[in-house]
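A.B. asks: Have a look at this one before I ask anything.
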Amino acid sequence: RPGKPVLGAVGPQGQLICGLPGNPVSVAITATQIALPLLRAISGQGVRLNRPVMIKWSDDDGKRIDLLWHRLAKIDKDGQARLVPERGSGDLVALGQSDGFLIVDAQSQSHVPFVSW
């Protein structure tokens, strides 16, 4: 969450089709995780994922869900991730203010994976 639905298909003439969700934040996260590696692979560049790095999460707001949750974050001058205040997956301002996203689950502690744009 966010990031569904995603479509992977082959068209009638053999063309590859990748359908992304409709909201901007969902598209940015899904494109970073799925579409860009796919495009790199089919263009002959090989698969290169934006590998997450473990980062200190300094402003945990206590919100948790029983899914992987991709949360927009900004890296501060001390190299710690701070959540970007957002109003859902349609929030273009929050997306523009972020440096990437944290991958948070119900058991996340003070260090979580971070993927940069």
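A.B. asks: Distances longer than 18 Å among the Cα atoms of the stretch 50-100: what percent of all pairs is that?
C.D. replies: 33 percent
A.B. asks: I would also like to ask the following. What relative contact order, as a whole-number percentage, does the chain give when Cα pairs under 8 Å and 6 or more residues apart are counted? List each step's numbers first, then the result.
C.D. replies: Working: 200 pairs, mean separation 30.0, N = 117.
Averaging sequence separation for qualifying contacts and normalising by length gives 26 percent for the chain.
A.B. asks: Moving on to the next point. Using only the alpha carbons of the chain, what is the convex hull's orientation-averaged projected area in square nanometres?
C.D. replies: 8.2 nm²
A.B. asks: What are the trypsin sites (Lys or Arg not before Pro) within the stretch 66-113 that DSSP puts in a loop, where the Cβ has at most 11 other Cβ atoms within 10 Å?
C.D. replies: Filter output for the stretch 66-113: Lys77, Arg87.
A.B. asks: At a 10 angstrom cut-off on C-beta neighbours, averaged per residue, how do the peptides 105-114, 39-48 rank from highest to lowest?
C.D. replies: Result, highest mean first: 105-114, 39-48.
A.B. asks: Using a cut-off of 25 Å between alpha-carbon atoms, which lysines can reach Lys56, once sequence neighbours fewer than 8 places away in the same chain are excluded?
C.D. replies: Cross-link targets: Lys74, Lys77.
Every number here is computed from the coordinates shown, using simple stated rules; none is lab data. Keep in mind the model is a prediction, meaning the values are calculated, not measured. Heads up, the Cβs are rebuilt from the backbone with ideal geometry, glycines too, and the neighbour counts pull from every protein chain shown.
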